[in-house]
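Structure, as structure tokens:
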Amino acid sequence: MSLARGRRTRHREILTEAGSMVLGAVLFVWSLLPVYNMLLIALDPEEGEIEFAGNLWPSEPSLDGFLETVTQEARYLEDFWSQFGNSVYIGLLTMVLTVLISSLTSFAVGRLRLGRGSLLTSAALLTYAIPAAFLIVPYYRIMHSYGLADSLWAVVAAQVTFATPFAILIMQLYARLIPLELDDVARIDGASALQVYLRIYLPLMAPALAVVAFYALLLAWNDYLYPAVLLSPRNMTVAVVQGQLFTDTDAPWNAMMAAAIIYVLPPLALLFALRRYVVASLTTVNSGI
Amino acid sequence: MPSGARRLHGPDFAWAIAFVVPYAVVVVAFAAYPIGYALWMASRPSLYADLVADRLYLTTVINTLFFVGLGVNLKMFLALLLSGFFMRRRRWIRALLPIFILPWALAAVQACISFHWMLIGEQGLVDGVLAALFGIDGPIWFNNRWLGLGSNIVAYIWKWLPFWTLIFLAARMTIPRRIYEAAVVDGATGLRSFIHVTFPLLANLYLLCTLLSTLWTLGEFTTVYLVSGGGPAGSTEVLATLGFRYAFDASKPALGVAAVMSALPVLIPIVILLMRRLQTSELQL
């Protein structure tokens, strides 16, 4: 390699390195700016309009907002913990039911090779033909006719319905990694279908189950529309209360943002706990497509 | 998958049926029934005459096209490029990944509210930054249709870019290194290696993800409802939020359903294409 050419590659490497540093810095600011904004407002000591003063950093940081939220002293946050409980209830039930229903279905269709079972799972994707938000009016009416008006279960039913198709897709893709012969060997040893599901399928599918669980929880935790329409004010979730007040400049926004920060923590903790599984199953699912 | 290679019999068949019953119940009671109900509610032709007569509806359709067109394609393209950035083997890039993923794991309602207050005008953080860095007064973002629409799109991309980047990143990690090494021997590096090696291998996935994302973005409610709030004067509404306003603010539920169902001519071809694509990629779903 000639000297000039060597120098050129060297220049190029430095340029690439500098470019990726700039990109990294941009991504850092881009990702954290709205999060920083939440902190900035939450750490403001005063009630009222002062939270939005165009400050770039908290001039007198104070934890009053957090304190008033936790003790439920702030206006509009009198029922914070019971609303938080409702969010947790909906999130956990959605998570458990989605994992259960989608794993049973993909086991029956993929492993027991139920004839025409693929029809059922194709129908799953059809659920996405009409986005969830488009179905809110019929849902509202149907839940009344089911006797689920103002019930947390109505919201759970909706979230599970919209989470399962994608969950089944993920499971079907991931299950191709597990050789069918494993099931056959167990069957020859006299295991029933249920035993194969419990002892072989579920443990080997753990990474896919983790991803599906996180996906379902996030779906329920993130949603505004369904709980807002299907629940009455006494049964509200944290997300809905915050969403309904979002233009209210009189609300104590330091406490509201503190509540928001508390609300976003549980999914982050779950993602952190499941991070290995998430990476493992994302990679394998992709190699299937 | 060799279905039909073996017929299910006796207890196995019973188990298989028992296993799919919960899902079948969910599909019938909570998917098929509401969809049928929606189609029935939206079947009166006069509703569509009412829609076309409403000027807000036309504005909303145009907004939805912008929101979906830019929101999906910009996001997917950036995700594809950024997945390459995160493939670089540097410790600081690996440390940056969890921060980059944060928006995805953050609750959407709270994130959108933060966007709203960040852009609220001179009291907002963005205008504060603009004033500090460049000494200019930022605009009042939500007083202008295009700025409001743009804010919605940026917030939406902010929220969902990490998810799709992760998908592409995972796909890139499954491409064997020796393919790239062979490409380097053939003289393909940098951009050419991307065009001739990476992209062909990811093209199918890219198309699948774009289709799926189009479906999801068409139904996006939270971002528009909570960032611009549909304002000023309803000029940044999309179909999902307009349907909601008709149904619950104006008490015209049938008109609300008709407004969102008018997207069916776009939705159905996408779903058919998506199902075909999934089948050709030998995926028995």
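Considering segment A:245-280, the residues that are facing chain B (nearest Cβ under 10 Å) and among the polar types (S, T, N, Q) include one that is nearest to B:Leu166 (Cα to Cα), namely A:Thr247. Spot the failing condition for B:Ile101; the list is (1) more than 30 Å from A:Val88 (Cα to Cα); (2) surrounded by 19 or more Cβ atoms within 10 Å (Cβ to Cβ); (3) more than 7 Å from chain A (Cβ to nearest Cβ), and only one is missed. Single failed check for B:Ile101: (1).
Could you grab me the full set of residues in segment B:201-235 that are in a loop (DSSP other than H, G, I, E, B) and more than 13 Å from the chain's Cα centre (by Cα)?
The initial filter retains those residues of segment B:201-235 that are in a loop (DSSP other than H, G, I, E, B), namely B:219-221, B:227-235.
Residues satisfying the conditions are B:Val227, B:Ser228, B:Gly229, B:Gly230, B:Gly231, B:Pro232, B:Ala233, B:Gly234, B:Ser235.
Residues of segment B:236-251 that are within 10 Å of chain A (Cβ to nearest Cβ), of a type outside the set (Gly, Ala, Ser) and over 17 Å from the mean Cα position of the chain (by Cα): B:Phe244, B:Tyr246, B:Phe248. Against the conditions (1) free of Cβ contacts under 8 Å to residues at least 12 places away in the same chain; (2) part of a helix (DSSP H, G or I); (3) over 24 Å from A:Thr94 (Cα atoms), B:Leu39 satisfies every one except (1).
For beta carbons closer than 6 Å, sequence separation of 6+ or different chains, a first residue in segment A:30-46 that is at the interface with chain B (Cβ under 7 Å from one of its Cβ atoms) and free of Cβ contacts under 8 Å to residues at least 60 places away in the same chain and a second that is surrounded by fewer than 22 Cβ atoms within 10 Å (Cβ to Cβ) and part of a helix (DSSP H, G or I), the qualifying pairs are A:Ser31/B:Ile99; A:Ser31/B:Leu102.
Does at least one position in segment B:188-200 carry a residue that is surrounded by 17 or more Cβ atoms within 10 Å (Cβ to Cβ), over 26 Å from B:Gly69 (Cβ atoms) and of a type in the set (A, V, I, L, M)? Scanning segment B:188-200, I find at least one residue that is surrounded by 17 or more Cβ atoms within 10 Å (Cβ to Cβ), over 26 Å from B:Gly69 (Cβ atoms) and of a type in the set (A, V, I, L, M), so the answer is yes.
Answer with yes or no whether B:Leu169 is in contact with a Ser or Thr (Cβ under 8 Å, 6 or more places away or on another chain), within 25 Å of B:Leu102 (Cβ to Cβ), assigned to a helix (DSSP H, G or I) and not basic (Lys, Arg). Taking the combined requirement at face value, the residue satisfies it.
Residue-by-condition table, conditions (1) more than 10 Å from chain A (Cβ to nearest Cβ); (2) surrounded by 20 or more Cβ atoms within 10 Å (Cβ to Cβ):
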site	(1), (2)
B:Ala29	no, no
B:Leu58	yes, no
B:Val61	yes, no
B:Leu81	no, no
B:Gln110	no, yes
B:Leu119	no, yes
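Read-outs throughout are calculated quantities, based only on the coordinates presented, and are distinct from any laboratory measurement. Quick caveat: nothing in here was measured; it's all calculated off a predicted structure. Reconstructed Cβ throughout: ideal geometry from the backbone, glycine too, with neighbour counts over all protein chains shown.
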